[in-house]
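These notes are about the structure you will find just below.
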Amino acid sequence: MRVALDWRGALQNREGVGRFAREIARALPVADPELDLVLFASTLARPRIDPGPFLTPGRSSLVRWPLPVRAQSRLLAPIGLDGLLARRHRPIDLVHTVLLHPLPVRRAAACATLFDALWANGGRGTDGGCVTWLDPESARQMERRATDLAARCDRIQANSSHAKGALIEALGLEPERIDVVPLGGDHVLRATPDASRVPREPFLLTVGRIDPRKNHVTLARAFGQLAERHPDLRLLIAGPPGYRAAEIRAEIDELPCADRITWLEHVSEGELRALYEACSVFCFPSLAEGFGLPPLEAQFCGARVLSSDATSLTEVLGPGATLLDPRDVDAWASALQEALDDPEGPPSPSPNSTWANSASQTLASWQKTLRG
């Protein structure tokens, strides 16, 4: 089987789409030694991530033509990406798209990963909540692109059963066209720990882009309830600014415990692993996720995990985490206190939460696509 995998985000984005594209490209040739993988990473942007560790000599090849992402459908449409690649090599059996900007396909089978439906309802997701997850105009653009991409593809992959249900509701897709292919979390163990920014004091940790969906204010208020009883305890918030980040930070800065909250906007892979391993509790109070990778990474590093019970997180984390109502500040404060008092080690993550498992399920989905 010869597959062209959309790798346009792999060399630019450390997390999210980029993380998925890199790790699945590393795992697929191990899962299927007969697979011929073409990684299509053509953009005008300068790479920020070295592709070397994710390429398998003789079984995966990198294509990097200087083509702008937004113009690729128009530029490649006359022959299709599969047709263009076939001129240089043997024919492409399947094209798998990861970004919402679709890759044009003329003859090969087409598959895509849609990571969530947080763009639905103008950025309020499919749960009808009152909190806007995304900028409304950006959400509308993403919904149009997701609708177009889904219409072009033979099959869709979602990373959780929750995400599958949300995509069915948002796009009206047939359930039998969607395969659930969960992500892995074991990549975090390849990083060499860098403890240069690990505090000497005990600390709580949360990781995620600063936006309303990640619910940082609830966690900060719960932390504030523990402040007097634990005078040395700190809260570390690691993640870049996102939608309405300035408002969220301003609200947290008004809390009495604000001087004990540290913001880490950019954290390296090694620093992140060291923080996971050293934190007293890892906290993830997110209101909505398509999957939810940071708490799974924390589990692999042996952290005690307190997580929201919203959307996909229950199925992703299972019994390996304490799951809470993301809007209940008192419940979070109580659970944090219990976790700090409990000397028992945390449960291990599910043995299926690996990129090897993700690669196996990806291959099974591709086989169904080709049979269809």
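Miscellaneous remarks
- ARG26, sole failed condition from (1) open to solvent by less than 10 Å² (accessible area, probe 1.4 Å); (2) under 16 Å from SER358 (Cα atoms); (3) within 21 Å of the chain's Cα centre (by Cα): (1)
- Scan the range 65-86 for residues that are surrounded by fewer than 18 Cβ atoms within 10 Å (Cβ to Cβ) and touching a residue at least 24 places away in the same chain (Cβ under 8 Å) and the total you get is 9.
- Odd one out for GLU315 among (1) touching a His at 6+ places or on another chain (Cβ under 7 Å); (2) assigned to a loop (DSSP other than H, G, I, E, B): (2)
- Lone qualifier among LEU296, LEU272 - being in contact (Cβ under 8 Å) with a residue 40 or more places away in the chain, part of a helix (DSSP H, G or I), of a type in the set (A, V, I, L, M, F, W, C) and within 23 Å of SER161 (Cβ to Cβ): LEU296
- Listed by first and then second residue, the pairs linking a residue in the range 8-32 that is at positive phi to a residue that is of a type outside the set (Lys, Arg), with Cβ atoms under 9 Å apart and 6 or more places separating them unless they lie on different chains, are GLY16/GLY9; GLY16/PHE115; GLY16/LEU293.
- Test result for GLY372, farther than 25 Å from GLU15 by Cα and out of contact with any helix residue (DSSP H, G or I) (no Cβ under 8 Å at 6 or more places or on another chain): yes
- Flag if ALA335 is on the phi < 0 side of the Ramachandran plot, in contact with a helix residue (DSSP H, G or I) (Cβ under 9 Å, 6 or more places away or on another chain), open to solvent by less than 60 Å² (accessible area, probe 1.4 Å) and assigned to a helix (DSSP H, G or I): yes
- Condition check for ASP194: more than 28 Å from ALA110 (Cα to Cα) and either of a type outside the set (A, V, I, L, M, F, W, C) or open to solvent by 20 Å² or more (accessible area, probe 1.4 Å) (or both): yes
- The range 101-117: number of residues that are in contact with a Leu (Cβ under 6 Å, 6 or more places away or on another chain) and assigned to a loop (DSSP other than H, G, I, E, B): 6
- Residues satisfying the stated conditions in the range 201-225, i.e. touching a residue at least 60 places away in the same chain (Cβ under 8 Å) and of a type in the set (D, E, K, R): ASP211, ARG213, LYS214, ARG221
- Test for PHE291: is it surrounded by 18 or more Cβ atoms within 10 Å (Cβ to Cβ) and in a strand (DSSP E or B): no
- Residue in the range 339-371 that is nearest to HIS230 (Cα to Cα), counting only those that are surrounded by 20 or more Cβ atoms within 10 Å (Cβ to Cβ) and among the hydrophobic types (A, V, I, L, M, F, W, C): TRP355
- Residues of the range 208-247 that turn out to be open to solvent by 20 Å² or more (accessible area, probe 1.4 Å) and of a type in the set (Val, Ile, Thr), as a count: 1
The values are calculated or read from the model by the stated rules, or taken from the named source; none is laboratory data. What you see is a predicted model; the values in this text were computed from it and never measured. Backbone-built Cβ (ideal geometry, glycine too); neighbour counts: all protein chains shown. The accessibility values were calculated without ligands, DNA or RNA, using every heavy atom of the protein model including side chains. Shrake-Rupley method; radii C 1.70, N 1.55, O 1.52, S 1.80 Å.
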